[in-house]
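Written out below as structure tokens is the structure these notes cover.
A short reminder: the numbers here are calculations on the coordinates, not readings from a lab. These figures come from a predicted structure and were not determined experimentally. Here the Cβ is made from the backbone with ideal geometry for all residues, glycine too, and neighbour counts use every protein chain on show.
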Amino acid sequence: MLVLPERSKISRFQPIVWRTTSVSIHFGRHTLLRRPSTNSKPFPASTFSGSHVLRCELAAEVLRSSGRLRLKVTGSSMLPTVFPGDTLIIERTDFSSAQRGDIVLISRDGRLFAHRLVDKTDGPQQSTVVTKGDSMAKADPVIERDKLLGRVSLIERDGEVLRPSRKLRASQCAVAALAQRSEIASRVVLGIRALRSLATDRES
């Protein structure tokens, strides 16, 4: 089920929220993320309403025109690099500037995703991009170069500002590998994170 905002316009400072059965995606001041199961198949574009697709297109246009978006994350497909509650700062970028390992914002099937760029091919007839969530077992479907919209430049978390790395540390690789194999492992990671945040809030 999708819950779309009532307002029909998108401005640079207007928060927009999508919710699916597995993820809330917040364009707070603008995003769309989704956590499918490791065995899930892509939803056909017809599954989503014309209004939903239009809003994704408008949000992508905001990034193209303004050059920057702030994204509130609730999905978990990028664990342990990005946690629900983090805010992503997205900067406009293009195919030639994006590097393997960057966390990028892409458009696919009328939706937007923020995943890691794992491969790109600049061919004579067609240039393509492949992305993957850090905690996902399989890579996303191949897309054309013009579907790559932006790159995550900063991650805001609990009052700190982090710069994402193109490579996972050894400990992050271990957590990602567990999350890829088990949904329960992902929940454990999220639970530990929630307990740490609660302890931090109590200390402050």
| remark: In nanometres, the difference between 0.36 nm per residue of separation and the alpha-carbon distance of Arg187 and Ser153 is 9.6 nm
| Quick one: Kirkwood hydrodynamic radius for segment 135-204, alpha-carbon pairs, angstrom, one decimal? | 14.9
| query | What's the local net charge at Arg151, with K and R +1, D and E -1, over the other residues with C-beta under 13 Å away? | reply | +4
| task | Arrange Ser153, Ser77, Ser186, Ser65 by Cβ neighbour counts within 10 Å, fewest through most, would you? | result | Ser65, Ser153, Ser186, Ser77
